[in-house]
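See below for the structure under consideration.
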Amino acid sequence: MRNFTCVQDLGNLQEALAEAFEIKKDRFKYVELGRNKTLMMIFFNSSLRTRLSTQKAATNLGMNVIVLDINQGAWKLETERGVIMDGDKPEHILEAIPVMGAYCDIIGVRSFANFEDRDYDYQETVINQFIKYSGRPVFSMEAATRHPLQSFADLITIEEYKKKDRPKVVMTWAPHPRALPQAVPNSFAEWMNATDYEFVITHPEGYELDPSFVGNAKVEYDQMKAFEGADFIYAKNWAVYSGDNYGRILSKDRDWTVSDRQMAVTNNAYFMHCLPVRRNMIVTDEVIESPQSIVIPEAANREISATVVIKRLLEGLEK
Ligand code: CP
């Protein structure tokens with residue numbers, strides 16, 4: 001594998017899942033693979049899980065790790081070509097990227113949507129510049145439109161907990177005080193559409209996701225109806241995708257907060273969220289603390305998804 005930005009990069013999903021469960025049994029099995037290799041993790045945005053799980057994954061594989069927070073201690077980077085650089089950004093990303101590539105073997109990048117320009121965000125300008133100019137394999141640690149390490153961990157978790165071959169998985173919008181990117185819901189939809197699960201998306205009108213991510217999913221505007229018989233509830237907030245309201249919040253309706261009321265109509269569903277989660281906005285204390293909440297094992301599987309992905313990138317170096 002040369003780069004990892006979306007589900008298609010993994011190839012056969014069943015083989016990737018088998019590899020994940022093999023690594024989960026013995027996460028140091030490939031510790032020699034990364035000897036004398038360096039992973040550089042570049043963060044344009046904050047992180048807890050991605051930072052820790054990816055660093056742990058790299059050490060599982062015997063790698064050295066360099067972490068750089070662009071906004072804390074590095075030069076501020078200009079990302080647009082053609083700009084007269086007379087402002088507050090002293091370095092251009094087009095020099096910075098190949099320099100970073102000179103110090104490592106693999107690069108992970110976290111760069112969220114900035115909500116200023118939908119085309120700029122949806123063209124994945126920043127991570128694609130890393131792919132183009134670093135000379136190194138690059139993987140997404142959440143980009144503008146996708147969060148594939150999270151979605152892979154989500155899939156591993158569903159496979160571990162599902163009680164039937166084809167579970168009903170419902171992704172629900174839930175309220176949040178700030179405008180959040182569509183990367184997690186886009187990506188989750190993309191990965192669920194790559195399975196044969198029954199997949200339903202529910203959200204208030206106006207929160208439609210990019211149709212290319214929605215794919216064949218059923219969209220149901222009535223949240224209670226969507227939850228009926230569900231085996232897994234995947235909650236997430238996202239800001240508006242469509243039209244002039246791109247990046248805006250239309251609703252903070254707490255009727256959409258996942259509570260015992262909605263969970264009661266499910267098939268005793270498991271509750272999932274990528275974290276961090278705003279309690280009593282996205283989900284009530286009762287639901288997230290219930291035995292059906294699997295948010296912690298879901299987060300723990302981030303180490304597994306990252307180990308599989310970095311292992312495959314290391315194997316790609318040898319070809
Ligand atoms: N779920 C997730 O990516 O968490 P962090 O933003 O803390 O990395």
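Some notes on this structure:
- Residues of segment 30-48 classified as more than 14 Å from the ligand (Cβ to nearest atom), open to solvent by 20 Å² or more (accessible area, probe 1.4 Å) and not polar (S, T, N, Q), total: 6
- Cβ pairs under 9 Å, 6+ apart, first in segment 276-295 and outside the structural domain of residue 142 (by TED's automatic domain parsing) and away from the ligand (no atom under 16 Å from the Cβ), second part of a loop (DSSP other than H, G, I, E, B) and among the basic types (Lys, Arg): 281/252
- Flag for residue 107 being crowded, with 16+ Cβ neighbours inside 10 Å, within 21 Å of the chain's Cα centre (by Cα), more than 16 Å from the ligand (Cβ to nearest atom) and not polar (S, T, N, Q): yes
- Of 217, 239, 226, all but one fail to be free of Cβ contacts under 8 Å to residues at least 60 places away in the same chain and open to solvent by less than 10 Å² (accessible area, probe 1.4 Å); the exception is 226.
- Residues in segment 143-173 that are more than 12 Å from the ligand (Cβ to nearest atom) and either polar (S, T, N, Q) or in contact with a His (Cβ under 9 Å, 6 or more places away or on another chain) (or both): 145, 157, 171, 172, 173.
- Scanning segment 54-90 for residues that are of a type in the set (S, T, N, Q), more than 16 Å from the ligand (Cβ to nearest atom) and in contact (Cβ under 8 Å) with a residue 40 or more places away in the chain turns up 60, 79.
- Count of segment 267-299 residues, restricted to those that are farther than 24 Å from residue 152 by Cβ and either among the hydroxyl-bearing types (Ser, Thr, Tyr) or open to solvent by less than 10 Å² (accessible area, probe 1.4 Å) (or both), is 3.
- Being basic (Lys, Arg), within 16 Å of the ligand (Cβ to nearest atom), crowded, with 16+ Cβ neighbours inside 10 Å and under 14 Å from residue 303 (Cα atoms) holds for only one residue in 51, 27, and it is 51.
- Residue list for segment 248-279, filter: assigned to a strand (DSSP E or B) and in contact with a strand residue (DSSP E or B) (Cβ under 6 Å, 6 or more places away or on another chain): 258, 270, 271, 272
The values are calculated or read from the model by the stated rules, or taken from the named source; none is laboratory data. Bear in mind that the values here come from a model prediction, so they are computed numbers and not experimental data. As a convention, Cβ positions derive from the backbone with ideal geometry for all residues, glycine included, and neighbour counts pool all protein chains shown. Keep in mind that these areas ignore ligands, DNA and RNA; they rest on the heavy atoms of the full protein, side chains included. Shrake-Rupley method; radii C 1.70, N 1.55, O 1.52, S 1.80 Å.
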